[in-house]
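The values are calculated or read from the model by the stated rules, or taken from the named source; none is laboratory data. These numbers were taken from a predicted model, which means no experiment stands behind them. When we count neighbours, we look across all protein chains shown, and the Cβ atoms used for this are built from the backbone with ideal geometry, even at glycine. Quick note on the areas: whole protein, heavy atoms, side chains included, nothing else; ligands and nucleic acids left out. Shrake-Rupley method; radii C 1.70, N 1.55, O 1.52, S 1.80 Å.
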Amino acid sequence: MLTPHAVMNDVLDVAIEVHRELGPGLLESAYEAIIADELLTRGHIVQRQLVVPIRFKERTYDRGYRLDLLVDHLVVVEIKSAERHAPIFEQQVLTYLRGLG
């Protein structure tokens, strides 16, 4: 059985390999497709562009966010192609986690 730690290690290995090979400057969608494909070839279950619902006053809206990758139902991957890290990136992932329960 896969652990979140093992899955995270594979995700990081793939991300580093892709970045070393292709470098910066691609669109996030390109990195997403390549990383997802590489993880699939390594035997992982990968969901792309998973809808994360927003809940408000006991109602659920499915037009909120789309998670880039969910790997093995354990690890959330949000891909960014940015020059600098921004605090909003962390808030975005926390919002996904809340939405996924």
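Here are the numbers:
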quantity: Spin-label pair His5/Gln49, simplified geometry with 7 Å Cα→Cβ offset, distance in nm; calculated: 3.6
quantity: Cα gyration tensor, segment 1-65 - rounded (a/c under 1.5), prolate or oblate; calculated: oblate
quantity: Low-density loop positions, trypsin sites (Lys or Arg not before Pro), segment 1-71 - DSSP coil, at most 16 other Cβ in 10 Å; calculated: Arg42, Lys57
quantity: Mean Cα-pair separation over length for segment 5-89, i.e. relative contact order, pairs under 8 Å, 6 or more apart, %; calculated: 26
quantity: Cleavage-rule hits (GluC sites (Glu not before Pro)) in segment 1-73: DSSP loop, at most 16 neighbouring Cβ within 10 angstrom; calculated: Glu58
quantity: Positive-end extreme of charge dipole, segment 1-69 - chosen from Tyr61, Val11, Ser29 (charges on Cβ); calculated: Tyr61
quantity: In Å², nearest 10: area of Leu22 left accessible to a 1.4 Å probe; calculated: 80
quantity: Debye, to nearest 20: dipole size of the chain, +1 on Lys, Arg Cβ, -1 on Asp, Glu Cβ; calculated: 580
quantity: Fluctuation leader among Ile16, Ile35, Ile79 - the chain, Gaussian network, Cα springs under 10 angstrom; calculated: Ile16
quantity: Carbon + sulfur, % of accessible area of the chain - ligands and nucleic acids excluded, 1.4 Å; calculated: 56
quantity: Accessible area expressed per residue, the chain, with surrounding protein chains retained (probe 1.4 Å, Å²); calculated: 70
